[in-house]
Amino acid sequence: MRKVGPYGVETLPQVLVDVPAAPTACRDTLAERARLHWRRTDGGDPAALAEEFLAAHGLNLRDLTRPTTDHHDTTGPCGAALYLSAAAGAHLAGAPTAAPEPAPTLPDLAVVVYDHRPTHATPPAPPTPWWLGEWTESWTPRQHATAVDAVRDAIARGDLYQANLVGHAAAPYTGDPLPALRRLGALPGARYGGVLTGDDWAIGCASPETLIALRDGHLITRPIKGTRPATPTGRAELLTSAKERAEHIMIVDLERNDLARIARTGTVTVDDLFAVRRWCDLWQAESTVRATPADGLGLADLLRATCPGGSVTGAPKLAALTHIAAAEPVGRGASMGALGWVTPGHIDLGLTIRTAAADGEHLHTWAGGGITWDSDAHAEVAEAAAKTTPVRATLAGH
């Protein structure tokens, strides 16, 4: 974890850049040009701040539909890492975020601009001895189950249709956490595998889920909803589960609505619905929603429309966020936010599920699932545990 000032522009030594979704061909020739950190206590609009900061450093994303030059032009910046926390997304949506953050050194927004460099990056130093202690949960299985039943009660009252509940755990460590976080990013199926570091913090991501991407003039989101063990029986159960399919389709409809706010009228389509794909030892159901961006769409409006992601909030989104703020004992930290790569004409942000964070003393993980009227509290607790098991095992080095 590097010591970096929150708003400064620095010339830093070259290190391996392993930001999720960064161009593979560029990763060993990138050097940091400038960095922005923002926290909710700073005030203002993080989406607008990100857009303005990028434009000030040669990456104009105020109109994502404009023709762009080849990002391999070495006379300008290659692109930027962008991280937006779940709390920042809730802020953009006008929702409350009452729970304290378990890793307060993490910013709510980080934007890091990178230049190309003609030489290769210096390999990381040999790792220091690594020890990871026992995990302490932010709630007990009973408390988690009670929260599931409270969502079902809210659905029965007509307050919402679905809400995603997320639990947190922390474990003390000694040594350098970066190798552990890089191992996490290398897990099978991690479409957004990688690491972003800052001042006394680091985020490791193994997410398979596309929050929002802009490629070849199309907006794409790939919501994931529905999980089973990666066995033949688990796959069959997922494909035939009426509860999982209903939960999934609710979120697909929510994502269609989010994209419709920023798309040309009539262009929102669902390319794949409930396709079953594998992440580590789990089957997951994924859909692909596509749209053509509206004329003049900028990065700030894109973030406001899509953050936080519907698959980790619920429907209606604002009602679900309000319930989540009251139900979860701690904040979502680095999880359930956005992390990836942005450059003019190309955006690729993953949803930070299967994600861990390090502060100066602890590693943090989060996991949860969507709750509907048909949810069984004990099954939901077991599903969250199944999602976090490979993450924790990988961080420990097993």
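The values are calculated or read from the model by the stated rules, or taken from the named source; none is laboratory data. Nothing here was measured: the structure is a model prediction, and the numbers come from that model. Cβ sites come from the backbone with ideal geometry, for glycine too, and all protein chains shown count toward neighbours. Quick note on the areas: whole protein, heavy atoms, side chains included, nothing else; ligands and nucleic acids left out. Shrake-Rupley method; radii C 1.70, N 1.55, O 1.52, S 1.80 Å.
The longest part of the chain holding none of the exposed loop chymotrypsin sites (Phe, Trp or Tyr not before Pro), meaning those outside H, G, I, E and B in DSSP with at most 16 other Cβ atoms within 10 Å, is 131-372. Between the beta carbons of T65 and A326, assuming R0 = 35 Å, the FRET efficiency works out to 0.35 to the nearest 0.05. Counting only protein heavy atoms and a probe of 1.4 Å, the accessible surface of the range 152-208 is 49% carbon and sulfur. Each Cα pair under 8 Å and six or more residues apart adds its sequence gap; the mean of these over the residue count of the chain is a relative contact order of 26 percent. Taking only protein heavy atoms and a 1.4 Å probe, the accessible area of the range 231-389 is 54% carbon and sulfur. Full extension of the chain between W373 and T146 yields a length gain of 80.3 nm, computed as 0.36 nm times the residue separation minus the alpha carbon distance. Loop sites here are GluC sites (Glu not before Pro) outside DSSP states H, G, I, E and B with no more than 15 other Cβ atoms within 10 Å. The longest part of the chain free of them is 135-360.
Restrict the search to the range 247-287; then list the trypsin sites (Lys or Arg not before Pro) that DSSP places in a loop and that have at most 16 other Cβ atoms within 10 Å of their Cβ.
Details: sites: R256, R261, R264, R277, R278; in loops: R261, R264.
In loop regions of the range 247-287 (DSSP not H, G, I, E or B), the sparsely surrounded trypsin sites (Lys or Arg not before Pro) are R261, R264.
The simple spin-label model puts a point 7 Å past each Cα toward its Cβ; for H398 and D28 those points are separated by 3.3 nm. Given a 1.4 angstrom probe, I'd like the percentage of the accessible area of the range 36-108 that is carbon and sulfur, rounded to a whole number. Result for the range 36-108: 51 percent of the exposed heavy-atom area is carbon or sulfur.
Extension gain for D200 to T105 (0.36 nm times residue separation, less C-alpha to C-alpha distance): 33.5 nm. Remark: spin-label model distance R117-D45 equals 3.6 nm, labels positioned 7 Å along the Cα→Cβ axis. Under the simplified labelling scheme, the R215-T269 pair shows an inter-label distance of 1.6 nm, with each label point 7 Å from Cα along Cα→Cβ. Rolling a 1.4 Å probe over the heavy atoms of the protein chains gives the chain an accessible area of 39 Å² per residue. Given +1 at the Cβ of Lys and Arg, -1 at the Cβ of Asp and Glu and no other charges, the dipole of the chain around its Cα centre is 460 debye to the nearest 20. Using the rule -39500 (n - 2.57) for each DSSP H run of four or more residues, divided by the residues of the chain, the 222 nm mean residue ellipticity is -8500 deg cm²/dmol.
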